[in-house]
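Asker: For reference, the structure I am asking about is given below.
A short reminder: the numbers here are calculations on the coordinates, not readings from a lab. Computed from a predicted model, the values in this text were never measured in an experiment. Note that each Cβ is placed from the backbone with ideal geometry, even for glycine, and that neighbours are counted across all protein chains shown.
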């Protein structure tokens, strides 16, 4: 009896599986955004969107495990490097949306385009009792001893980009800075959420290198935190949207990319406190022209990834 | 007669092979062939250098074992005394306590870790209430072992209490007649008879603590205390993904658990632990008399540390408007619950999905687990040891790697139809991951039951199936029911396999909560957890009370 129940359950569920009229999208957060985009897209085109939402790591792990029989049509990642890598492996379809005209050139490529952009920043708890820091290097001051957290570059692509970016801008002084932070007892507790949480409760006072849009959102929800972007420069983390070569639904996939880059889609992006990738759409927070962006040679940095992470671990984690 | 046995054996073996053997095989293949997921067999064994060239790995392996042994010790410390008392004595509200000690399984480990962090870290809830914090304790080896112990000690409690219920007081009474003192009778007779159950539960504790990721990730990362599973997750947590390295790490974990399993098996089979021979005996749990209040005090203390504190931290967090606002009435807000119901269909959909998945998983694991246990203990075939060993592996493999194995196995383009991409794949994963519980519990129970009971039924003219149904099954039912409740509890909030395997568009409680954490809304995640915990523990309590009303026959040995 049990077996028939199971069989019935699985057969019943299979009928709900994807068909030609649905588009399958794998996406890294923010979760509310993907839901909103999918709903609005379906309202406009009638095409249903099945979402798989997780972290960039989980999305990539799933894509990789499925590689012999891909399931997704469109992928949104939080890591520009992951798109470059997938393109290099020939997994992406060439497509530039007509709606991408006002996306700056460095945020689009023949095979992928930024959906939105976050920047790396310091997040300071204003009730922490320590002074507001202005610059990355301020945090090596004795006043911040034992009060700093940082996302782990091995677990957060954006934090990795920051380390690489600081190195590009400052050379070896970047490593002196990181060593100074380590001397100041900075902790590296895990991915972004793990680094932010102790600062929210006040166990720590500042995040060094937080992805900014999450914190803008929390501050808007009433948390006593402030996002501080150093004037000396920071790195940005564009979030690429791309179509898989293996899709059997290319038209719908292109329509979805068009929608995400349309005015309506970009407005939804900006509501999550990400910077919209189109320069003609207003954001809810300082935009890309208000930031001093460190230029990073992505290809060169990707090639040195293992080396940079090893040096970070040596300098900060396993001193 | 031989036919029934061999049909059952084939059935049990093939189910195990499909649910567990297949993903394990694909993990091993992925460990050997780095490009296996891309359909290529090039570069065989090239990944093995990460073992030889990496001295951190050795340190991680040592840490992993240290942690696992500490958690085993801790689980005995917390679970054994109350388990013994629950098995041998009338505890007021016994069924209520059973449900209370199931609650740790309803709380996803990473949420429990965050709850403890928010309670004990500097400026946490403890500090806000009493003016001091215990951050130094929490972010240490002891702290990690402490939190993991609290997630796992109920395994010992349930195994020991069920086993002792069955051993009962008869043997101790016989010893007393022969002049043994009370404590002597307990330590020399009663406790040793429940060794298979204790060993079985410790094996699961061992396997779970080397595989568990949430707690070490949240707490140990800060102390520089690295375990193997942290490395495995890191290989899968950001681009570039290293499936092969993760698979290789998992193979090492499997080897550790198989070694522990061999030891456990040796302990459990080197002598007879049969205590159930069919002689009529009442379930003679003794009255506590004057000890009633101290014993209840002990139960309350364990429940306070293991259940009330983390649950209270989750509840309090879910009702605060902002985390930085801390514990003050002006910060009290129900907006996070409102947010969940505002998202309406999505949250409710997640609850319903997890609900039916948990029910089906509990039923299926009990059926398959009971069958496998029966074949392993009572059968005669050669493959029994293999089946036994295979059935512990899911606990040794980090769920994320098992999920990758399942994708590799079930998403092959060569399959004519595939369950991958449907909810059925989640069910297959849950059953595979949770099978060890009913199998361990039922095997331990069966080792206490004399085979002569079966024989007697057969002599009296029953077929093998009839003997199985009317004699053996009712006797192992209490352990299977206890295991089913564990399975239901864990399945209702399973996270990692769900993230990797849920078909696009489907949400479970675990993935919903995790998504909230990722977006930074810790309180909404905690609120959803509270709702799920309340519903699930309500269901478990109702089932428990219903069973009680069915009469104690289903529960007594």
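Asker: For the pair residue B:130 and residue A:298, what calculated FRET efficiency results from E = 1/(1 + (r/R0)^6), where r is the Cβ-Cβ distance and R0 = 60 Å, to the nearest 0.05?
Answerer: With R0 = 60 Å, the Cβ-Cβ based efficiency is 0.75.
Asker: So, one more: Sorted by packing (mean other beta-carbon atoms within 10 Å per residue), highest first, where do B:507-518, B:377-388, B:72-83, B:156-167 land?
Answerer: Result, highest mean Cβ count within 10 Å first: B:156-167, B:507-518, B:72-83, B:377-388.
Asker: Can you put A:64, B:42, A:226 in order, fewest other beta carbons within 10 Å first?
Answerer: Going from sparsest to densest Cβ surroundings: B:42, A:226, A:64.
Asker: So what are chain B's ellipsoid semi-axes, whole angstrom, largest first, if each one is the square root of 5 times an eigenvalue of the alpha-carbon gyration tensor?
Answerer: 36, 31, 23
Asker: Within region B:327-366, which residues have the backbone N less than 17 Å from the label spot 7 Å out from residue B:11 along Cα→beta-carbon, could you tell me?
Answerer: Residues B:363-366 qualify, since their backbone N sits under 17 Å from the label point.
Asker: Still on this structure: Going by average Cβ density within 10 Å per residue, which order do the peptides A:146-152, B:176-182 take, highest to lowest? If you can, show how the numbers build up before the last one.
Answerer: Numbers: A:146-152: 23.3, B:176-182: 11.1.
Going by the mean number of other Cβ atoms within 10 Å, highest first, we get A:146-152, B:176-182.
Asker: Could you please rank A:317, B:417, placing first whichever residue has the fewest other Cβ atoms within 10 Å of its Cβ?
Answerer: So the residues, fewest neighbours to most, are B:417, A:317.
Asker: Have a look at the DSSP beta bridges in chain A and tell me what percent are antiparallel, nearest 5.
Answerer: Percentage antiparallel, nearest 5: 60.
Asker: Need one number: nm distance between label points at residue A:185 and residue B:90, each 7 Å from Cα along Cα→Cβ, rounded to one decimal.
Answerer: Taking the simple label geometry, residue A:185 and residue B:90 are separated by 5.6 nm.
Asker: Next up: Report the antiparallel proportion of the DSSP beta bridges in the protein assembly as shown as a percent, rounded to a multiple of 5.
Answerer: Here the antiparallel bridges make up roughly 60 percent for the protein assembly as shown.
Asker: Per-residue ellipticity at 222 nm for chain B, helices alone: DSSP H runs ≥ 4 residues times -39500 (n - 2.57), over residue total, nearest 500 deg cm²/dmol? Walk me through the numbers on the way to the answer.
Answerer: Numbers: 31 runs with 381 residues, N = 557.
Result for chain B, helices only: -21500 deg cm²/dmol.
Asker: Based on alpha-carbon centroids, what's the gap between region B:452-481 and region B:485-536 in Å, whole number please?
Answerer: After rounding, the separation between the Cα centres reads 39 Å.
Asker: Also, quick follow-up: Across region B:159-317, what fraction of all alpha-carbon pairs, as a whole percent, falls in each successive 5 Å bin from zero upward?
Answerer: 1, 7, 10, 12, 14, 12, 12, 11, 8, 6, 4, 2, 1, 0
Asker: If you count, for every residue in A:64-76, the Cβ atoms of partner chains within 10 Å of its Cβ, what is the mean?
Answerer: 6
Asker: For B:33-42, what's the mean count of beta carbons from other chains sitting within 10 Å of each residue's beta carbon?
Answerer: 2
Asker: Rounded to the nearest 0.05, what FRET efficiency is calculated for residue A:142 and residue A:310 with R0 set to 35 Å and r the Cβ-Cβ distance?
Answerer: That gives a FRET efficiency of 0.75.
Asker: Let me ask another. What does the extension gain come out to for residue B:414 and residue B:341, with contour length at 0.36 nm per residue minus their alpha carbon separation? Write out the running numbers ahead of the final one.
Answerer: Details: separation 73, 0.36 × 73 = 26.28 nm, distance 4.29 nm.
Extending this stretch completely gives an extra 22.0 nm.
Asker: Over all alpha-carbon pairs of region B:24-151, lay out the pair-distance distribution in 5 Å bins, whole %, shortest bin first.
Answerer: 2, 9, 11, 12, 12, 12, 12, 10, 8, 6, 4, 2, 0
Asker: Over region A:246-319, what portion of Cα pair distances is larger than 19 Å, expressed as a whole percent? If you can, show how the numbers build up before the last one.
Answerer: Working: 1686 of 2701 pairs.
For region A:246-319, the fraction of Cα-Cα distances above 19 Å is 62 percent.
Asker: Each label point is 7 Å from the Cα along the Cα-to-Cβ direction; what then is the distance between the points at residue B:287 and residue B:331, in nm?
Answerer: Going by the 7 Å Cα→Cβ label model, 5.0 nm.
Asker: Computed over the Cα atoms of the protein assembly as shown, what is the ratio Rg over Rh, Rh following Kirkwood? Mind showing how you got there, number by number?
Answerer: Details: Rg = 27.9 Å, Rh = 28.4 Å.
The Rg/Rh ratio comes out at 0.98.
Asker: With n ≥ 4 as the cut-off for DSSP H runs, can you work out [θ] at 222 nm for chain A, using -39500 (n - 2.57) per run divided by the number of residues, rounded to the nearest 500?
Answerer: My calculation for chain A gives -11500 deg cm²/dmol from helical runs alone.
Asker: Let me ask something additional. Diagonalise the Cα gyration tensor of chain A and give the resulting equivalent ellipsoid semi-axes, square root of 5 times each eigenvalue, largest first, whole Å.
Answerer: 36, 22, 20
Asker: Grab the beta carbon distance between residue A:101 and residue B:315, set R0 = 51 Å, and tell me the FRET efficiency rounded to 0.05.
Answerer: 0.50
Asker: Compute the separation of the alpha-carbon centres of region B:247-266 and region A:65-121 and state it in Å as a whole number.
Answerer: Rounded to whole Å, the Cα centres lie 41 Å apart.
Asker: Ok, one more. Sort A:95-101, A:123-129 for me by packing, meaning the mean count of neighbouring Cβ atoms within 10 Å per residue, highest on top.
Answerer: Going from most to least packed, we get A:123-129, A:95-101.
Asker: Now for a separate question. Averaged across the residues of B:503-515, what count of C-beta atoms belonging to other chains lies within 10 Å of each residue's C-beta?
Answerer: Per residue, the number of nearby Cβ atoms from other chains is 5 on average.
Asker: When averaged across all projection directions, what area in nm² does the alpha-carbon convex hull of region A:25-150 cover?
Answerer: 11.4
Asker: Would you list the P(r) distribution for region B:303-421, with all Cα-Cα distances sorted into 10 Å bins from 0 and each bin expressed as a whole %?
Answerer: 10, 18, 29, 22, 14, 6, 1
Asker: Over the residues of region B:337-407, compute the C-alpha Rg and express it relative to 2.2 N^0.38 Å. If you can, show how the numbers build up before the last one.
Answerer: Working: Rg = 18.3 Å, N = 71, 2.2 N^0.38 = 11.1 Å.
Here the answer is 1.65, to two decimals.
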